[in-house]
Amino acid sequence: MLQERHPLMGQRISLAERSSLIIHDAEDSSRFNLRIAPENLGAASKAFGCVLPATIGATATSGGRLALCLGPDEWQLYAPIAESRSIETTFAALYASCPHSLVDVGHREIGIAVEGQAAVLALRSACAFDFDTMPSGTGTRTIFDKAQIILIRHDENRFRIEVWRSFADHVWGLLQAASREIALGI
């Protein structure tokens, strides 16, 4: 499958001194928005190949797939690009016994990785979110400046931003400006 290019592909921001902040385009993936009744989580988990978490904000991973619970009946699903078609086929077969909505949103979003000891500082530059209350292995939908994003915290100093393509340059520019400010403070 030919990977589509996006405006941030191959770009990188790095504070090489001490490696306190590295910002780069995240590995591309399949992205799906799933809406399903919570009582059908077992069937949806089996179809996706990863247990879908029932707690809002929780993530679960299995075999390169990641599921993020965004609401009481909403999940964002990520998987390797090569697995897109099989995920769609499996959920299509599930529909007869378990009504749901699975929408491929891979065309609209770009992933940005923000990593290093200064990651939270860079994110705080345009996000009024309380990062101290966000444990590793969680995610949320929030606002970065004026752009809606999905923010996933993989561990203490490693985050992934999912942003609509139309806002990607804006978010990247803000992160670039924050990295310059952080570099001046080092």
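The values are calculated or read from the model by the stated rules, or taken from the named source; none is laboratory data. The model shown is predicted, which means the values in this text are computed figures rather than measured ones. Neighbour counts are summed over all protein chains in view; Cβ atoms, including those assigned to glycine, are modelled from backbone coordinates with ideal geometry. SASA here: full protein model, heavy atoms, side chains in, ligands and nucleic acids out. Shrake-Rupley method; radii C 1.70, N 1.55, O 1.52, S 1.80 Å.
Can you say whether Glu83 is of a type in the set (D, E, K, R) and not in a loop (DSSP other than H, G, I, E, B), as far as the supplied structure shows?
Considered against the rule, which asks whether it is of a type in the set (D, E, K, R) and not in a loop (DSSP other than H, G, I, E, B), Glu83 comes out as yes.
Run Leu66 past the list (1) crowded, with 18+ Cβ neighbours inside 10 Å; (2) touching a helix residue (DSSP H, G or I) at 6+ places or on another chain (Cβ under 9 Å) and report the number of the one that doesn't hold.
(2)
Just checking, does the range 12-30 include any residue being touching a His at 6+ places or on another chain (Cβ under 7 Å) and at pLDDT below 85?
Within the range 12-30 (the criterion being touching a His at 6+ places or on another chain (Cβ under 7 Å) and at pLDDT below 85), the answer is yes, since at least one residue qualifies.
Assess whether Arg124 counts as being touching a helix residue (DSSP H, G or I) at 6+ places or on another chain (Cβ under 8 Å), free of Cβ contacts under 8 Å to residues at least 60 places away in the same chain, basic (Lys, Arg) and over 29 Å from Ile87 (Cα atoms).
The answer is yes for Arg124.
Quickly run through the range 28-57 and pick out the residues that are open to solvent by less than 50 Å² (accessible area, probe 1.4 Å) and of a type in the set (D, E, K, R).
Asp28, Arg31
Out of (1) surrounded by 18 or more Cβ atoms within 10 Å (Cβ to Cβ); (2) touching a helix residue (DSSP H, G or I) at 6+ places or on another chain (Cβ under 7 Å), the odd one out for Ala60 is which?
All conditions are met except number (2).
Tell me which residues, restricted to the range 119-153, are open to solvent by 30 Å² or more (accessible area, probe 1.4 Å) and among the basic types (Lys, Arg).
Those that are open to solvent by 30 Å² or more (accessible area, probe 1.4 Å) and among the basic types (Lys, Arg): Arg124, Arg141, Lys146.
Taking the conditions exactly as written (in contact (Cβ under 8 Å) with a residue 12 or more places away in the chain and surrounded by fewer than 17 Cβ atoms within 10 Å (Cβ to Cβ)), does Glu156 satisfy them or not?
Criteria met by Glu156.
Does Leu70 qualify as being assigned to a strand (DSSP E or B) and more than 14 Å from Ser29 (Cα to Cα)?
yes
Just the residues that are touching a Ser or Thr at 6+ places or on another chain (Cβ under 9 Å) and open to solvent by 20 Å² or more (accessible area, probe 1.4 Å), please, taken from the range 16-27.
Ile22, His24
Pull up the range 72-88, narrow it to residues that are out of contact with any Asp or Glu (no Cβ under 8 Å at 6 or more places or on another chain) and small (Gly, Ala, Ser), then point me to the one that is nearest to Gly111 (Cα to Cα).
The extreme case among them is Ala79.
Check Ile182 against each of (1) under 14 Å from the mean Cα position of the chain (by Cα); (2) open to solvent by less than 50 Å² (accessible area, probe 1.4 Å); (3) more than 23 Å from Thr61 (Cα to Cα) and name the one condition it does not meet.
Condition (1) is where Ile182 drops out.
When you check Cys98 against the structure, is it open to solvent by less than 30 Å² (accessible area, probe 1.4 Å), more than 17 Å from the chain's Cα centre (by Cα) and not hydroxyl-bearing (Ser, Thr, Tyr), yes or no?
So Cys98 passes the test.
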